[in-house]
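A short worksheet on the structure shown next.
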Amino acid sequence: MTSACHHGPVFTSDSAPGGRAKGAGVGLALASAVAFGGSGVAAKPLIEAGLDPLHVVWLRVAGAALVMLPLAWRHRSLVRRHPGLLAGFGLLAVAGVQACYFAAISRIPVGVALLVEYLGPALLLGWVRFVQRRPVTRAAAVGVVLAVTGLACVVEVWSGLGFDALGLLFALGAACCQVGYFVLADRGGDAGEGAPEPLGVIAYGLLTGAALLTVVARPWNMDWTVLTRDVPMNGTPVAASLLLAWTVLMATVLAYVTGVLAVRRLSPQIAGVVAFLEAVVAATLAWVLLDERLSTPQLVGGVLVLTGAFVAQTATPVRAAPQPVASGGPRRESSAREPAA
């Protein structure tokens, strides 16, 4: 089975977690949410200091790919066995999500960008219902309505979309790419015991994403001198190299690895709940460190977005365990406990 946190898929086993493993999993999931949540806060000062958002994304992904290179070598057989999965993961879950998200935060507040991106689970329901033509539960449909209503509050539609329209489009692009990695993660988990090793998929996804971003971002045109000086973070000078190190090591490598290890100790539902704390962490850090304050309607909208996204994610009908051949009849997907929409 699979679940997902903000910037990458997490593959789960079907066994129920034990008490000790579950406690460790919650701790790891919290660490992952905090690490992921700090990515925008660390990256935005670099962008405001003169680096192009694509260059910051390239630095993040390429740096993380170098750190994960030993794992890529260890799982090199994945290139032969799952080339499509690795290419799609690198394009959507790494390059697409990161590029759209960082482009968004260069134009709109970090908290708003991440809340818009969390429409991903709701958009996934649209994929399941209208592309795959599979039924979804009424609770899932309610989750989508809640998420869309919350989005209207976050962007304050009654004031004529006061936010940068292009920034909102970039954030929606990140949400769409998030749907792509949900779908790819689901395919990766269908192989049962033959499913690809998640750390290997992450390593090759980062390598693929770095290669793609190198062509698009053209880092040889980057102003490298920005990384040698201090940049202002809400008026306080901070070493750009320190912000980059946090973005690469903490907000990417540590966040991905702890997320994978956490979800292997938790059920997808529990892991999903903890993953939603990322948006809370990001909005809080942006408020404290960048002085990006959200209004009361935006805070209410954020709660609606996260609630709706959580309901949409957890209410999706799941596959039943395969029936033994001897029991007769072809395998079928189980029907949802709730009426389907």
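The values are calculated or read from the model by the stated rules, or taken from the named source; none is laboratory data. Since the structure is predicted, the reported quantities are computational estimates derived from the model, not experimental observations. Cβ placement follows ideal geometry from the backbone for every residue including glycine, while neighbour counts extend to all protein chains displayed. These area figures cover heavy atoms from the full protein model, side chains too; ligands, DNA and RNA do not enter into them. Shrake-Rupley method; radii C 1.70, N 1.55, O 1.52, S 1.80 Å.
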request  = Collect the residues in the stretch 64-82 that are part of a helix (DSSP H, G or I) and either within 24 Å of Ala279 (Cα to Cα) or of a type in the set (Ser, Thr, Tyr) (or both), keeping them in residue-number order.
outcome  = Ala64
request  = Answer with yes or no whether Gly63 is out of contact with any Pro (no Cβ under 9 Å at 6 or more places or on another chain) and within 23 Å of Val179 (Cβ to Cβ).
outcome  = no
query = Hey, does the stretch 83-94 have a residue that's of a type in the set (Gly, Ala, Ser), within 22 Å of Pro53 (Cα to Cα) and open to solvent by 30 Å² or more (accessible area, probe 1.4 Å)?
reply = no
message = The conditions are (1) open to solvent by less than 30 Å² (accessible area, probe 1.4 Å); (2) more than 29 Å from Leu306 (Cα to Cα); (3) assigned to a helix (DSSP H, G or I); (4) modelled with pLDDT of 90 or more, and Leu243 fails exactly one of them. Which is it?
response = (2)
key: Filter pass, Asp230 being surrounded by fewer than 19 Cβ atoms within 10 Å (Cβ to Cβ), touching a strand residue (DSSP E or B) at 6+ places or on another chain (Cβ under 9 Å), acidic (Asp, Glu) and at pLDDT 90 or above   = yes
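Working carefully through the options Val273, Val257, find the one that is buried (at least 18 other Cβ atoms within 10 Å of the Cβ) and either assigned to a helix (DSSP H, G or I) or modelled with pLDDT under 70 (or both).
The unique qualifying residue is Val257.
Of all the helices (runs of 4 or more DSSP H) wholly in the stretch 83-122, which have at least 2 residues that are touching a Leu at 6+ places or on another chain (Cβ under 9 Å) and within 14 Å of Val61 (Cβ to Cβ)?
Working: elements: 83-88, 97-105, 110-117.
The helices (runs of 4 or more DSSP H) meeting that bar are 97-105.
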ask   = Within the stretch 127-147, which residues are in contact (Cβ under 8 Å) with a residue 40 or more places away in the chain and closer than 16 Å to Val179 by Cβ?
value = Trp127, Val128, Arg129, Arg134, Val136, Ala140, Gly143, Val144, Ala147
Residue satisfying all of: in the stretch 205-224; of a type in the set (Val, Ile, Thr) and open to solvent by less than 70 Å² (accessible area, probe 1.4 Å); nearest to the chain's Cα centre (by Cα) among these = Thr208
inquiry  = Which of the numbered conditions does Arg133 fail, given that it passes all the others? Conditions: (1) at negative phi; (2) open to solvent by 20 Å² or more (accessible area, probe 1.4 Å).
reply    = (1)
request  = Can you tell me which residue within the stretch 288-333, out of those that are in a loop (DSSP other than H, G, I, E, B), open to solvent by less than 50 Å² (accessible area, probe 1.4 Å) and not aliphatic (A, V, I, L, M), is modelled with the highest pLDDT?
outcome  = Glu292
query = Somewhere in the stretch 43-59, is a residue among the aliphatic types (A, V, I, L, M), modelled with pLDDT under 90 and surrounded by fewer than 24 Cβ atoms within 10 Å (Cβ to Cβ)?
reply = no
query = What pairs come up if the first residue lies in the stretch 148-167 and is among the aromatic types (Phe, Trp, Tyr) and open to solvent by 40 Å² or more (accessible area, probe 1.4 Å), the second is assigned to a loop (DSSP other than H, G, I, E, B) and modelled with pLDDT of 75 or more, and their beta carbons are under 6 Å apart, counting only those six or more places apart or on different chains?
reply = Phe163/Ile108
